[in-house]
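What follows draws every value from the coordinates through simple rules; no lab data is involved. Because the structure is predicted, anything quoted here is derived from the model rather than measured. Cβ: placed from backbone, ideal geometry, glycine included. Neighbour counts: every protein chain shown.
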Amino acid sequence: MQDSLPEACLVFTGYEEDHCLVSTQQEDSIFHVIQTTPKVRFITKDADTPVIIKPLTIEQPGFINQFFALLIAGSILIYIRLVRKGFYKNLKSVFNSRLLFKQMIRDNLLFPLPVRLLLFIACMLTFSVLLFQTDAIFLTDGYYNQAEELIRLTFFFTVITITISAKYLTHWIIGHIYKTQSITKEYLTNSFYYNTIGTIILIPFLLFSSITRSEIALYFIFSIALILILLRTYRSLTLLIGFEEFSVYQKFVYFCTLEIFPWLVIYKLITGRVFEQ
């Protein structure tokens, strides 16, 4: 028997009439109603009812906490400038003179203890903002709100403070064990000197980058930081090379352990997806 469809289906299927059964009067009546009924759009409200749109607010990426961190660091630098008139002059004068650098270290004129503590806080705040921007722009590409920004900044500040403090403490302990306090003090002061120079230079650029989220600005900041790291490394190596008591291999291991390893630890913490659930 040949398959067939009701006549009412001709409109929808396009089959020829000889393929369909003759429909009943009831089916013809229903089909007529379907054809003659006007099509009306389905709406949920009357056309005269005003439509109220309530858009969902998308929270903007936070930069207020970065701004305050850099403001505190900058305020520390201004305070030191006010209470120690010759501080920045001394920083400039010892840049190219190792003899003057050693003399100021010996006389405790370059970084006396109160100034050193304040500068350490300024450095850690500045570096934590740099790590945050690196993480947000290059690693996670995240638009963090103010609460998330504060959590991450606090984390980076804590990590870098503990890491750098542990590094300085290890240097100090090794210096006392091997009776090399003089060269260790000069080595650590040199490291702290370039950290201070970096903080002074980077604060305005980091402030601009925190507001604009500009990758170009951050690349420029990286370039400055790289130059300062190379200068610090060169001067640190000259101190180690001039120290005759240990072999080149021992100096190399010492340098890698206490200079390169801490930064690898920080990098691992940043890229280790610490905040993922």
### Query
So how far apart, in nm, are the two label points at TYR219 and ILE260 if each is 7 Å from Cα heading toward Cβ?
2.7 nm
### Query
Once the Cβ-Cβ distance between THR140 and ILE229 is put in as r, and R0 is 25 Å, what FRET efficiency do you end up with, to the nearest 0.05?
0.55
### Query
Dipole of region 110-213 (Lys/Arg Cβ +1, Asp/Glu Cβ -1, origin at the Cα centre): which of THR163, SER210, TYR144 lies farthest to the positive side?
THR163
### Task
Apply 1/(1 + (r/R0)^6) to the Cβ-Cβ distance of ILE173 and ARG106, taking R0 = 25 Å, and write down the FRET efficiency to the nearest 0.05.
0.70
### Query
Tell me, what is a quarter of the convex hull surface for the C-alpha atoms of region 141-210, in nm² with one decimal?
5.9 nm²
### Query
Under a point-charge model restricted to the Cβ atoms of Lys and Arg (+1) and Asp and Glu (-1), what is the dipole moment magnitude of region 64-271 relative to its Cα centre, in debye to the nearest 20?
820 debye
### Task
Distance check, please: which entries in LYS102/LYS268; LYS89/LYS185; LYS185/LYS268; LYS89/LYS167; LYS92/LYS167 exceed 31 angstrom between their Cα atoms?
LYS102/LYS268
### Message
Could you tell me the calculated FRET efficiency between ILE78 and ILE151, based on Cβ-Cβ distance and R0 = 25 angstrom, to the nearest 0.05?
### Response
0.30
### Task
Using the Karplus curve 6.51 cos²θ - 1.76 cosθ + 1.60 with θ = phi - 60°, work out ³J(HN,Hα) for each residue of region 181-195 in order, rounded to whole Hz, and write x for Gly and Pro.
4, 5, 5, 5, 5, 5, 4, 5, 5, 4, 5, 5, 4, 6, 5
### Distance from region 185-199 to region 211-227 (C-alpha centre basis), Å
21 Å
